[in-house]
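Structure record follows, encoded as structure tokens.
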Amino acid sequence: MAGLTRTFPIDTALELEDGAGAITATGVGSTAEIDLGADSVMLGAMVLQVTAIDVASGNESYKVELQGSNTSGFATAADNVVLAMIHLGDASVTGATPADTGTDTPASVYYVPFTNDFGGTAYRYVRLKATLAGTSPSITFSAFLTQQRTMGN
């Protein structure tokens with residue numbers, strides 16, 4: 001994979017998606033939810049290791065959200081918030097890329113900063129949700145949370 005190489009400690013208790021197979025429909029990650037603990041505030045990154053992404057039809061879109069809730073199981077929609085989000089896919093759907101090159105999202109590693117403190121509330125439970133759209137969306141990735149640290153070369 002092109003680009004900068006960064007290493008992060010991986011704690012399996014913070015794994016959101018195991019990358020075991022292609023995702024072809026909207027849904028939550030392979031881990032139903034992670035309990036960060038009552039009143040705990042985490043500053044970190046959601047790390048996505050994308051190994052395959054289909055943009056062949058020219059309209060595929062992949063919105064990957066880190067959602068937070070104070071209700072186990074995310075049963076109460078009013079208690080759920082989006083803590084972080086990244087939009088991957090075909091450039092015609094995602095708009096400007098980080099380098100504003102107008103190119104499609106490549107298979108690579110993506111770091112999405114987040115905190116579970118949203119509007120002064122520490123959201124105890126987090127999960128990943130991927131929303132797929134387009135003619136033939138298919139993406140394979142693993143995802144996990146890691147604590148914030150300085151990222152030097």
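Bear in mind that the values in this text are calculations on the coordinates, not laboratory data. Predicted model, so just to flag it, every value in this text is computed and none were measured. Here the Cβ positions follow ideal geometry from the backbone for every residue, glycine too, while neighbour counts run over all protein chains shown.
Overview of values
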| quantity | calculated |
| --- | --- |
| Global form of segment 25-147, assessed from the alpha-carbon gyration tensor, a/c cut-off 1.5 | prolate |
| Length gained when the stretch residue 117-residue 131 is fully extended (0.36 nm per residue, less Cα-Cα span) | 2.7 nm |
| Whole-number percent relative contact order across segment 25-147, with pairs defined as alpha carbons under 8 Å at least 6 apart | 48 |
| Cα lying deepest toward the dipole's positive end in segment 25-147, options 52, 27, 70, charges on Cβ | 70 |
| Protection-proxy order for peptides 33-42, 48-57, each taking the mean of Cβ atoms within 10 Å per residue, highest first | 48-57, 33-42 |
| Mean Cβ count within 10 Å, highest first, over the residues of peptides 59-71, 121-133, 10-22 | 59-71, 121-133, 10-22 |
